Amino acid sequence: MLESVIINSRQHVGLQKVSALAGRFRSSIGPIKNYKFIQDEVSGESVLVCSCFRIIENLEPTCAVGQLVYETVQAHHKGYRSGSGCLLFLAGAWSRTALDCLQRGIAVTHIIKAMSEGIDICLDVCKKSSVLFKDIAGMHKRTATPQDLGLQLSEEAITNASKEAANVHDKCLNMSGQRRVKLSRHFCEAKSEMLSSALLPDLLELPDVAVLAESLSHGCEDAMKLAVEAVQMLSKMNQQDISDPSFDISKVQTCVLPGLPEDCACVVEGCVFLLSDEQARVAHRIKQQPLKVALVTGDLSQTYRHLGFKSLSGVGVCEHLDLSASSKEDEWLEKVVNRLLNLKVNLILTAGLASQKVIQHCCRHHILVVEKVNSSVLRIIASSTGAVPVSYATQLAEPCVGNGINVEIWRDLSSYERESSTAVNISNGRNGGLVTAVITSCIHGKLQALEDQFWACAYRLHHALKDRALLPGAGGTEVLCVHQLQKQAEYHRVEDSKTGSAANLYRGLVLQLMADGLIDYISAVMVSTGRFSAAEARTIVSKQLQDFHKDEIITGKFLQLILESRREDAVFSAGKPDEALTVKIYDNLSVKQEAWRKALDLVFLVLQTDAEIITGTGQRTEENLMRL
């Protein structure tokens with residue numbers, strides 16, 4: 001994938017590849033993401049994508065650095081479902097920072113030390129600029145003022161508003177010297193410096209979930225509407241106190257239904273699955289009656305082995321030397337079906353795949369097999385029915401079978417001439433606390449993107465309710481970080497000039513280069529709105545930073561420019577300018593922190609791993625190389 005990129009072999013190759021790879025995704029960050037087709041040159045098949053994670057997933061990077069970047073982004077996406085674009089962009093920007101430092105002769109150890117100081121400054125800014133839920137609730141209760149419309153907060157106001165947060169985070173501030181680089185491709189999850197709900201007052205005033213959703217939708221209003229419905233439905237089902245909402249993401253699953261219009265998307269209680277015609281006939285036969293259920297955590301096939309399985313070497317059974325592979329499968333299948341019939345199992349839910357032979361044989365005996373069930377859903381069903389999940393169907397016994405589960409026909413889709421013609425709803429009828437977001441579209445290629453948008457919105461709500469705080473969005477937090485990095489860089493330059501010592505001269509330079517990377521990110525986000533060119537965006541950011549230095553205005557004017565286009569649309573549609581202008585954009589505290597951490601960890605890992613191949617730049621002394 002990087003073959004077309006010119007790599008200077010006399011510089012740090014790994015960092016150049018990270019920068020080049022990140023550059024491919026510059027147009028995929030920000031609020032407006034265009035759909036892109038990725039075509040396989042060999043098979044000719046194509047896929048429709050719009051998020052950074054799906055793009056890099058389908059590009060399938062083959063080089064070592066590309067694999068490392070992909071695994072880092074994949075790990076972040078798995079836990080947060082958003083922020084991958086920010087991670088990838090900053091990894092590229094800060095790789096260029098490290099490259100620039102190497103070209104200037106700065107040692108690897110000094111680069112790491114200075115960039116670690118830079119990320120600590122940024123995390124401290126996140127802590128001090130975080131907006132507590134009680135402040136968000138207060139802002140939406142009072143009448144909006146011109147100052148509120150632009151989020152114009154003085155440093156003193158931010159300090160006072162987050163004084164409670166500062167007390168929580170005092171122990172997390174002194175990170176310099178304690179930070180260590182993770183030399184593994186599978187980065188450990190650092191504890192986010194978030195506002196733990198356990199540490200905040202019990203009587204914390206919370207904003208309405210709909211208010212949070214509006215601020216966190218980031219242009220995906222339809223997906224966020226589904227996420228809000230899921231929160232409200234779970235709260236009602238679990239009889240949760242509405243004054244202290246939470247969102248257990250493990251109790252939510254999705255079901256995609258191609259062929260239906262997008263406005264048919266909805267959230268329903270229970271677990272909705274799509275079945276083939278053959279499976280649908282079984283579902284019609286066993287519907288609306290208490291069933292016995294078996295849960296399998298792996299694939300439902302004779303060849304499946306669990307992760308970590310190791311066969312015994314030198315051990316074999318030679319009773320049937322003429323036993324073919326097909327006869328082994330038939331023997332296993334007969335054994336499984338007989339066991340299911342003896343246990344009177346009507347329904348099998350498996351986390352993996354089921355072989356076509358298994359599905360067909362089970363259907364003949366009126367046993368419904370549903371595959372690709374989320375592991376979290378299996379655990380909840382096991383808890384509510386008394387079933388015990390097993391790795392292999394041959395392990396099933398009487399104590400493993402659950403009772404009291406029901407299957408209902410949710411939608412008959414045969415009129416749409418689809419291969420899978422029926423959607424069923426599986427529930428236990430005893431308030432199991434599971435909901436399904438049904439994603440629909442007439443365009444089959446959009447379903448993956450729509451599902452990703454729903455999960456991104458759901459996870460934003462989940463982390464917001466968990467953190468109990470948010471960050472100024474639309475680039476506001478990044479502006480604060482740039483200001484603080486530049487301020488600290490200037491401080492180092494002044495101190496060095498006073499003392500006449502060049503020992504720490506590099507620190508101011510590194511912090512300034514890190515700030516330039518954030519400015520580049522803010523500009524790219526502005527360009528993605530379609531209202532600014534790259535030059536205009538950088539000019540606006542530079543002007544805002546100058547105003548910041550002069551007037552101590554944090555994010556007001558900058559956010560006002562970003563929100564201008566959305567405000568114009570809102571004014572025309574609502575007809576009430578004051579109400580339309582009250583919409584504010586926020587980001588998740590923990591998601592942004594982890595994206596920044598992972599981006600810098602990735603840069604450090606590539607920098608140190610490939611340090612020994614740097615040639616032709618800087619000093620060629622052993623002390624400049626950190627060998628593993």
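In this entry, Lys251 passes the filter for residues that are under 30 Å from Lys134 (Cβ atoms) and modelled with pLDDT of 90 or more.
Got at least one residue in region 84-94 being at pLDDT 85 or above and open to solvent by 40 Å² or more (accessible area, probe 1.4 Å)? Checking region 84-94: not a single residue is at pLDDT 85 or above and open to solvent by 40 Å² or more (accessible area, probe 1.4 Å). Within region 62-78, residues that are polar (S, T, N, Q) reach partners that are at pLDDT 90 or above with beta carbons closer than 6 Å, at six or more positions or on different chains, in the pairs Thr72/Lys598; Thr72/Leu602.
If the condition is being closer than 18 Å to Gly219 by Cβ and outside any helix (DSSP H, G or I), then region 49-62 contributes Val49, Cys50, Ser51.
Condition first: outside any loop (DSSP other than H, G, I, E, B) and either open to solvent by 10 Å² or more (accessible area, probe 1.4 Å) or modelled with pLDDT of 85 or more (or both). Can you find one or more residues in region 1-12 that meet it? So far as region 1-12 goes, no, none of its residues is outside any loop (DSSP other than H, G, I, E, B) and either open to solvent by 10 Å² or more (accessible area, probe 1.4 Å) or modelled with pLDDT of 85 or more (or both). Inspect region 434-457 for any residue being touching a helix residue (DSSP H, G or I) at 6+ places or on another chain (Cβ under 8 Å), polar (S, T, N, Q) and farther than 30 Å from Lys33 by Cα and give the result as yes or no. No, that holds for no residue. Leu347 fulfils the conditions (1) within 41 Å of the chain's Cα centre (by Cα); (2) modelled with pLDDT under 90; (3) surrounded by 13 or more Cβ atoms within 10 Å (Cβ to Cβ) except for a single criterion, (2). Looking across region 272-329, the residues that are polar (S, T, N, Q) and at pLDDT 80 or above come down to Ser276, Gln279, Gln288, Gln289, Thr297, Ser301, Gln302, Thr303.
Give me the pairs: first residue in region 385-400 and of a type in the set (A, V, I, L, M), second residue in a loop (DSSP other than H, G, I, E, B), beta-carbon distance under 8 Å, and six or more apart or on different chains, which are they? Filtered contacts from region 385-400: Ala387/Val401; Val390/Thr297; Val390/Leu396; Leu396/Leu343; Leu396/Val345; Ala397/Leu343. Among the residues making up region 232-291, those that are β-branched (Val, Ile, Thr) and within 23 Å of the chain's Cα centre (by Cα) are Ile249, Val252, Thr254, Val256, Val267. Within region 387-398, the set of residues being surrounded by 14 or more Cβ atoms within 10 Å (Cβ to Cβ) and either among the small types (Gly, Ala, Ser) or assigned to a helix (DSSP H, G or I) (or both) comprises Ala387, Ser391, Ala393. With the condition kept exactly as written, say whether any residue in region 549-561 is at negative phi, open to solvent by less than 30 Å² (accessible area, probe 1.4 Å) and modelled with pLDDT of 75 or more. No: region 549-561 contains no residue that is at negative phi, open to solvent by less than 30 Å² (accessible area, probe 1.4 Å) and modelled with pLDDT of 75 or more. Somewhere in region 447-468, is a residue within 30 Å of His110 (Cβ to Cβ) and buried (at least 24 other Cβ atoms within 10 Å of the Cβ)? No, because not a single residue in region 447-468 is within 30 Å of His110 (Cβ to Cβ) and buried (at least 24 other Cβ atoms within 10 Å of the Cβ). Look at region 485-514: where a residue is at positive phi and at pLDDT 85 or above, no partner that is open to solvent by 70 Å² or more (accessible area, probe 1.4 Å) and not in a helix (DSSP H, G or I) sits 6+ places away or on another chain with Cβ atoms under 8 Å. Of all positions in region 589-610, at least one carries a residue that is modelled with pLDDT of 85 or more, touching a strand residue (DSSP E or B) at 6+ places or on another chain (Cβ under 7 Å) and among the charged types (D, E, K, R).
Can you pull out every residue in region 27-43 that is touching a Gly at 6+ places or on another chain (Cβ under 8 Å) and among the β-branched types (Val, Ile, Thr)? Selection gives Ile29, Ile32. Within region 28-43, does at least one residue satisfy the condition of being open to solvent by less than 10 Å² (accessible area, probe 1.4 Å), closer than 24 Å to Leu600 by Cβ and either in a helix (DSSP H, G or I) or modelled with pLDDT of 85 or more (or both)? Within region 28-43, one or more residues are open to solvent by less than 10 Å² (accessible area, probe 1.4 Å), closer than 24 Å to Leu600 by Cβ and either in a helix (DSSP H, G or I) or modelled with pLDDT of 85 or more (or both). Note on region 72-99: residues that are in contact with a helix residue (DSSP H, G or I) (Cβ under 6 Å, 6 or more places away or on another chain), more than 10 Å from Phe53 (Cβ to Cβ) and not polar (S, T, N, Q) amount to 11. Does region 63-86 include one or more residues that are assigned to a loop (DSSP other than H, G, I, E, B) and over 17 Å from Glu594 (Cβ atoms)? Within region 63-86, one or more residues are assigned to a loop (DSSP other than H, G, I, E, B) and over 17 Å from Glu594 (Cβ atoms). Going by what's in this entry, would Val369 be described as crowded, with 22+ Cβ neighbours inside 10 Å and modelled with pLDDT of 90 or more? Yes.
The values are calculated or read from the model by the stated rules, or taken from the named source; none is laboratory data. Computed from a predicted model, the values in this text were never measured in an experiment. Glycine also receives a Cβ, built like all others from the backbone with ideal geometry; neighbour counts cover every protein chain displayed. Only protein heavy atoms, including side chains, enter the accessible area calculation; ligands, DNA and RNA are left aside. Shrake-Rupley method; radii C 1.70, N 1.55, O 1.52, S 1.80 Å.
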